[in-house]
Amino acid sequence: MTEVQATPQTGKRVLLAKPRGYCAGVDRAVQTVEEALKLYGAPIYVRKQIVHNKHVVRTLEAKGAIFVEENEEVPEGATVIFSAHGVAPEVHEQARARSLKAIDATCPLVTKVHHEAKRFAAEDYDILLIGHEGHEEVVGTTGEAPAHIQLVDGPEDADRVTVRDPNKVVWLSQTTLSVDETMETVARLRKRLPMLQSPPSDDICYATSNRQQVVKEIAPQCDVVIVVGSRNSSNSVRLVEVAVDAGARAGYLVDFASEIDDAWLAEARTVGLTSGASVPDELVRDVLAHLAVRGFAEVEEVVTANERLTFSLPQELKRDMRAAAAGARG
Ligand code: SF4
């Protein structure tokens, strides 16, 4: 990365991270709700927050989405969308029992971890799932093979693990963890379980790793790193931790520009700015405008990767969209 010269006027600048914001899985999940609303009409029920972002949820609610915690809250026969974080098989069964029309917006990269869990469970492995207790994704993945999966919530938890056969054990992980902390957990597990196998491909997804990578790049030059994202967004919270670990003097998580405290900026010359994978870029633009008014008008985008991945909409929705289009053509 090239060093960026500060503006002569204020000496204040923003280093804007790229990649930031929406990943392919979030984009697909949000589009799924929008397209379902257009196709079937409001209301559309969504089990759990479609993605962990307050603004996205409020915007979809305004368009006619109703967010519920469980399938029982959805009227029989209605349409329900499952969130990007994935669900346990029993959630699909409950939906069938209530004759719900279910559309599964689980990110394909989460589904990949579900497949790995099923495969290793079928081969009778002990599966050590590194992740955060209670997170929806962890609940969903665990539901695929509850008898074979144990949760390992961070490096300290590694010492508590017990397995049936130390030669037949594999670790998998939640997709939105800190890459470095996960490697620390794995190293600690491996000290006790030298034959521990790794997942066939990275479980921490490309979007999580890319957003952490660029934050590591800018953080050493930043007095403050601001991450736009919600408190329940795992990957957003990790970005604040990564920023501070990588040398930023302070890191803050905000949902909206209005939450930025002027005191955070008082001594700052360089502010780093990024956003979690569930955050639309308009919220970042609001923060840039907020910072510009406070003298941080010089913005340098620091790019460490270009993301082009996209996912197609869920099959069940695409099928209905095609049928509707064919019907309209007569
Ligand atoms: S953060 Fe990764 S796993 Fe989660 S929705 Fe985005 S691409 Fe999928």
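The values are calculated or read from the model by the stated rules, or taken from the named source; none is laboratory data. Because the structure is a prediction, the values reported are computed rather than measured. As a convention, Cβ positions derive from the backbone with ideal geometry for all residues, glycine included, and neighbour counts pool all protein chains shown.
On the stretch given as segment 136-152, residues that are of a type in the set (D, E, K, R) and either more than 15 Å from the ligand (Cβ to nearest atom) or assigned to a loop (DSSP other than H, G, I, E, B) (or both) total 1. Within the group Arg269, Arg231, which residue is of a type in the set (Lys, Arg), modelled with pLDDT of 95 or more and either assigned by TED's automatic domain parsing to the domain that holds Leu129 or farther than 20 Å from Tyr22 by Cβ (or both)? After ruling out the rest, the residue left standing is Arg269.
Here Val244 clears all of (1) over 18 Å from Cys23 (Cβ atoms); (2) outside any helix (DSSP H, G or I) except the condition numbered (2).
Among the residues of segment 74-110, those that are touching a residue at least 40 places away in the same chain (Cβ under 8 Å), more than 21 Å from Ala42 (Cα to Cα), away from the ligand (no atom under 13 Å from the Cβ) and not β-branched (Val, Ile, Thr) comprise Ala88, Pro89, Glu90. Scanning segment 111-120 for residues being more than 13 Å from the ligand (Cβ to nearest atom) and of a type in the set (A, V, I, L, M) gives a total of 1.
The set of residues in segment 116-135 being out of contact with any Ser or Thr (no Cβ under 8 Å at 6 or more places or on another chain) and either closer than 11 Å to Gly86 by Cβ or not in a loop (DSSP other than H, G, I, E, B) (or both) consists of Glu116, Lys118, Arg119, Phe120, Ala121, Ala122, Asp126, Ile127, Leu128. Which of the residues belonging to segment 194-218 are under 18 Å from Leu309 (Cβ atoms), modelled with pLDDT of 95 or more and more than 11 Å from the ligand (Cβ to nearest atom)? Gln212, Gln213, Val214 - these are the residues of segment 194-218 that are under 18 Å from Leu309 (Cβ atoms), modelled with pLDDT of 95 or more and more than 11 Å from the ligand (Cβ to nearest atom). Asn71 passes every criterion in (1) in contact with a Leu (Cβ under 8 Å, 6 or more places away or on another chain); (2) at positive phi; (3) not small (Gly, Ala, Ser) apart from (2). Val113 satisfies every condition listed in (1) surrounded by fewer than 20 Cβ atoms within 10 Å (Cβ to Cβ); (2) in a helix (DSSP H, G or I); (3) touching a residue at least 24 places away in the same chain (Cβ under 8 Å) except (1).
Taking the criterion of being in contact (Cβ under 8 Å) with a residue 60 or more places away in the chain and either within 11 Å of the ligand (Cβ to nearest atom) or of a type in the set (Gly, Ala, Ser) (or both), the residues of segment 20-56 that qualify are Gly21, Tyr22, Cys23, Ala24, Gly25, Val26, Asp27, Arg28, Ala29, Ala36, Val51, His52.
Of everything in segment 272-301, what is of a type in the set (Val, Ile, Thr) and either part of a loop (DSSP other than H, G, I, E, B) or at pLDDT below 95 (or both)? Give them in sequence order. It would help to see each step written out before you state the result.
Going residue by residue through segment 272-301, those that are of a type in the set (Val, Ile, Thr) are 274, 279, 284, 287, 293, 299.
Answer for segment 272-301, where residues must be of a type in the set (Val, Ile, Thr) and either part of a loop (DSSP other than H, G, I, E, B) or at pLDDT below 95 (or both): just Val279.
Just give me the residues in segment 279-330 being within 16 Å of the ligand (Cβ to nearest atom) and out of contact with any strand residue (DSSP E or B) (no Cβ under 6 Å at 6 or more places or on another chain), in sequence order.
Pro280, Asp281, Ala305, Asn306, Glu307, Arg308, Leu309, Thr310, Phe311, Ser312, Leu313
Of the residues screened, Arg211 is not one that is under 27 Å from Tyr125 (Cα atoms) and either outside the structural domain of Glu136 (by TED's automatic domain parsing) or more than 15 Å from the chain's Cα centre (by Cα) (or both).
Of the set (1) in contact with a Ser or Thr (Cβ under 8 Å, 6 or more places away or on another chain); (2) of a type in the set (D, E, K, R); (3) buried (at least 18 other Cβ atoms within 10 Å of the Cβ), all apply to Glu35 but (1). Among the residues making up segment 153-193, those that are under 13 Å from Gly131 (Cβ atoms) and within 16 Å of the ligand (Cβ to nearest atom) are Leu172, Ser173, Gln174, Thr175, Thr176, Leu177, Ser178, Thr182.
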